[in-house]
Amino acid sequence: MPILEKLTQQSQARHWTDSIPLEFHYTAGVAGEEFRRELRDNGRFLVSKCSKCKSTYIPARMYCPSCFIEMKDQFPIDKPGYVYSFTSVNRDRAGADTELPITVGLVKFEGVKGGIVHLLEKGDSDRLSIGMKVTPSLKNPSERTGAITDILAFKPISTESSSKTVEVGKAERWEVGAGENQARSLLHSIEESGYPVEEDEMTISSLRSKISKGELLTREEDRLLHRLGDKAREWRKAVKSSSETEPADTLSG
Ligand SMILES: [Zn+2]
């Protein structure tokens, strides 16, 4: 009896080998569960926004780590992510060699704190790079379970439309996509501003058709678009300040 007698040799101890069934359940937490539900049901990423510091976090969480207050504002985002950091590994989690290197990365989203660590795939592009815009490739809705593996991998956003019309160096492909997005948003802001384009109407409409076809603008057109963008911004500012000063003027007069 080991309890009553002191063992002088380990071999004197009687022992047997068996197994004890132990089961652990780790919950994803309240916000973590909502994040997973949104991913499973709608294929989108849920974020939380702090009402005090206005920070937004991915994945959704219950408390703001800076303000220590509950974040009740949760909403899905559909903007693309970008590669913040990545590495390639040649071994799996068990330490066994993989057939091909696996690339994992931290994907972050513009204006959102936190990120998602997941597999990265090159997709159609030739190589991955920091800052590259990526979008998740998800399992079919019927196969999703609410696990993080509902995301198969993140893939670079295809820049096929711009690479069709322009011969560019492979490393520049993303740059072209970025320019295209910028042109699109500039055009949008000009149209939104209500700036009277008048004599520039012809130019605007030719830019509009080029941008909508995903064609690359010439340097001249790009400059023009930026100039119009600046004018539109000035216009917007002027409209805003006049609408702010008018009531005050009326009151004092
Ligand atoms: Zn906060």
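Per 0.36 nm of contour for each residue apart, how much would the distance between A147 and E23 grow if the chain were fully extended, relative to their Cα-Cα spacing? Let's see the in-between values first.
Values: separation 124, 0.36 × 124 = 44.64 nm, distance 1.88 nm.
Once the chain is fully extended between A147 and E23, it gains 42.8 nm.
Label positions at K72 and E110, each projected 7 Å from the Cα along the C-beta direction, are separated by 3.1 nm.
Within straight-line reach of K213, meaning a Cα separation under 26 Å, sit the following lysines at least 8 residues removed in sequence or on another chain: K79, K122, K133, K155, K164, K170, K231. Only Lys, Arg, Asp and Glu carry charge here, each on its Cβ (+1 for the first two, -1 for the last two); on that basis the range 1-157 has a dipole of about 580 debye about its Cα centre.
Within the range 1-70, list the GluC sites (Glu not before Pro) lying in a DSSP loop whose Cβ has at most 16 other Cβ atoms in a 10 Å radius.
Working: sites: E5, E23, E33, E34, E38, E70; in loops: E5, E23.
Of the GluC sites (Glu not before Pro), the ones in loops of the range 1-70 whose Cβ has at most 16 other Cβ atoms within 10 Å are E5, E23.
Once the piece of chain linking R233 and Y84 is laid out straight, how much longer is it, given 0.36 nm per residue of separation minus the C-alpha distance between them?
Details: separation 149, 0.36 × 149 = 53.64 nm, distance 3.11 nm.
Stretched fully, the R233-Y84 segment lengthens by 50.5 nm.
Loop-located trypsin sites (Lys or Arg not before Pro) in the range 15-49 (DSSP state not H, G, I, E or B) with no more than 16 neighbouring Cβ atoms inside 10 Å: R44.
Here is the list for the range 48-131: chymotrypsin sites (Phe, Trp or Tyr not before Pro) lying in DSSP coil, each with at most 10 other C-beta atoms within 10 angstrom of its C-beta, are F68.
Determine, from the Cβ-Cβ distance of A13 and R91 and an R0 of 41 Å, the FRET efficiency 1/(1 + (r/R0)^6), rounded to the nearest 0.05.
0.60
According to the Cα-based calculation, Rg over Rh for the range 30-158 is 1.00, with Rh computed by the Kirkwood formula. Exposure proxy shown here: for E143, E234, the number of other Cβ atoms within 10 Å sets the order, fewest to most, as E143, E234.
Coordinate-derived values only; no laboratory data. Small disclaimer: the values here were computed from a predicted structure and weren't measured. Here the Cβ is made from the backbone with ideal geometry for all residues, glycine too, and neighbour counts use every protein chain on show.
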